[in-house]
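The values are calculated or read from the model by the stated rules, or taken from the named source; none is laboratory data. Predicted, not measured: the structure shown is a model, and the values here were computed from it. Ideal geometry is used to build each Cβ from the backbone, glycine not excepted, and the neighbour counts take in all protein chains shown.
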Amino acid sequence: MAYNLTGNKKYLSYAKAGVDYLRANALVYYGKGGAYTYFDRTGNGQPEQTKRISQDMTYAISGLAFYYYLTRDTQVLQEIVNLKNYIFDYYYDQEWDLISWVKADYTDYKNPDGTVETVSTQQRELVAQLDQVYAYMMLLTPILPAEFNGVKLQQNWKDDLVHLATIMSEQFYTPDKNIFWRAITDSKNKKLGTDHTDFGHSIKTLWLIYEVGKLTGHYDLVLFAQEAAPKILEAAYLEDGTWGRRINEYGQVERDKEWWILAELDQVAATLSLRDPSYAKYLPTTYSYWFEHMVDHKNKGVWHWVNAADNKPDIHFPKQHSWKNAFHTFEHAIVGYLTGQEIHDLPSTLYFAFQNGTPDYTQIRPYTYAAKVKSVEEIIDSENYQEFKKQKVTFTYIR
């Protein structure tokens, strides 16, 4: 995303190094056997196949997916397709009609207080469905070739997107509370105040259902999201002009700030403002809070958690850990840029590195959005990255 926004080829070289490393070390048999999700202290890929979690598999694809979006490298695409097929073949449970969580029961780790965290084959988790869409499918499906190695690739992925959107809306959504449950494993999961039943997961799910509906022509999905998402924005928006985190078990809005939840709420308000500019009413104060309090102005980066009582970061949470890197911060930046330009009737500029010539303009998109390509400019510069080409693409009518 840093290259996409700036055109600095240094960032693209970093991305390629990461992609090369994952392809060489994380993918099992070119993705046909899944992917390792972490490396142990000796550098060996872990865990064993039955203990790999389906959500984790999605983020083995996300970096490869964005690299393909930038370059259209067909070798990378083949391994993305292999891994996506593996996930759907290995984890889809026909009886449950959803992507399952894991294939073995095990103890994950022991907490300092002696309690243990377990992983169960019975878990039915929202993010096992949601992050297939979020981590790679929504970005890639509109730009996939119609056919790839004899398979109607784009249509297959569109069908899978509709299936996932249907699973999430029919199995995880509660209309009474207008939220998505984090899990539907058993009744105790279906309660307010449980971990990950929050504004962030719910608004992100609605955003993606909305985008899936637009992409595939399933306007029932668009209408569902258009009705539910504004209610979450209204519930999450506090009187001080900031976002809350979730509704707790007592029906009260928790006011503390978790970085990714603020990002998702901003992004959906900004996205809906492309259709109706009145949704931008939230953004002046929520953006201001992000830049004033969520950003570490001394040592850079974005805080994980800021306490609402004093707007100070909780330093018990590191700024980077296994579930926090730059992804949400970068996405917040690119969505804010693209939607902000469009709201103000200004063109947007992004940079690509197409390897084999400029694709058809309908196959060039600003992140997950549709748009009109106004111009494509091939840039020749003096930077020492001969293996990459650079294209400057100007977009209008982002939607």
Selection status of Lys84, surrounded by 13 or more Cβ atoms within 10 Å (Cβ to Cβ), charged (D, E, K, R) and more than 17 Å from Val133 (Cα to Cα): no
Residues in region 294-310 that are crowded, with 20+ Cβ neighbours inside 10 Å and of a type outside the set (A, V, I, L, M, F, W, C) total 1
Which of the helices (runs of 4 or more DSSP H) contained wholly in region 1-94 include at least 1 residues that are more than 27 Å from His332 (Cβ to Cβ)? 9-25, 74-91
Unique match (being basic (Lys, Arg) and touching a Lys or Arg at 6+ places or on another chain (Cβ under 9 Å)) among Lys103, Lys191: Lys103
Could you list, in sequence order, all residues of region 205-221 that are among the β-branched types (Val, Ile, Thr) and either surrounded by fewer than 21 Cβ atoms within 10 Å (Cβ to Cβ) or touching a strand residue (DSSP E or B) at 6+ places or on another chain (Cβ under 6 Å) (or both)? Thr205, Thr216
Answer with yes or no whether Thr6 is under 24 Å from Tyr367 (Cβ atoms), surrounded by fewer than 19 Cβ atoms within 10 Å (Cβ to Cβ) and either in contact with a helix residue (DSSP H, G or I) (Cβ under 6 Å, 6 or more places away or on another chain) or at pLDDT 95 or above (or both). yes
Going through Asp198, Asp266, Asp256 one at a time, which residue ends up being in contact with a His (Cβ under 7 Å, 6 or more places away or on another chain) and charged (D, E, K, R)? Asp266
Over region 95-128, the set of residues over 17 Å from Asn189 (Cα atoms), not in a strand (DSSP E or B) and not small (Gly, Ala, Ser) is Glu95, Asp97, Val102, Lys103, Asp105, Asn111, Pro112, Asp113, Thr115
Step by step: first the residues of region 127-169, then only those that are in contact with a Ser or Thr (Cβ under 7 Å, 6 or more places away or on another chain) and among the aliphatic types (A, V, I, L, M), then the one that is farthest from Trp323 (Cα to Cα). Which residue is that? Val162
So Thr339 ticks every box in (1) assigned to a helix (DSSP H, G or I); (2) in contact with a strand residue (DSSP E or B) (Cβ under 6 Å, 6 or more places away or on another chain) but one. Which box is left unticked? (2)
Is it the case that region 28-35 has a residue that's of a type outside the set (Phe, Trp, Tyr), surrounded by 19 or more Cβ atoms within 10 Å (Cβ to Cβ) and on the phi < 0 side of the Ramachandran plot? yes
Go through (1) without any contact (Cβ under 8 Å) to a residue 60 or more places away in the chain; (2) in a strand (DSSP E or B); (3) closer than 20 Å to Phe66 by Cβ and name the single condition Lys392 misses. (1)
Meets criteria (of a type outside the set (Gly, Ala, Ser) and touching a residue at least 60 places away in the same chain (Cβ under 8 Å)) for Ile343: yes
For region 236-247, how many residues meet the condition of being buried (at least 17 other Cβ atoms within 10 Å of the Cβ) and of a type outside the set (Phe, Trp, Tyr)? 6
Output the helices (runs of 4 or more DSSP H) that fall wholly within region 139-256 and possess 1 or more residues being in contact with a Phe, Trp or Tyr (Cβ under 9 Å, 6 or more places away or on another chain) and closer than 26 Å to Asp360 by Cα, or say none. 153-167, 199-216
Scan region 287-332 for residues that are under 20 Å from the mean Cα position of the chain (by Cα), touching a residue at least 40 places away in the same chain (Cβ under 8 Å) and in a helix (DSSP H, G or I) and jot them down. Tyr287, Trp290, Phe327, His328, Thr329, Phe330, Glu331, His332
Based on what the data block shows, is Tyr351 under 19 Å from the mean Cα position of the chain (by Cα), of a type in the set (Ser, Thr, Tyr), farther than 26 Å from Thr37 by Cβ and not in a loop (DSSP other than H, G, I, E, B)? no
Take region 159-175 and flag every residue that is closer than 13 Å to Lys190 by Cβ and under 17 Å from the mean Cα position of the chain (by Cα). none
Scan region 161-190 residue by residue and report those that are basic (Lys, Arg) and within 19 Å of Gln55 (Cβ to Cβ). Arg182
Positions within region 89-127 being over 14 Å from Thr50 (Cβ atoms), of a type in the set (A, V, I, L, M, F, W, C) and crowded, with 16+ Cβ neighbours inside 10 Å, in sequence order: Leu98, Ile99, Leu126, Val127
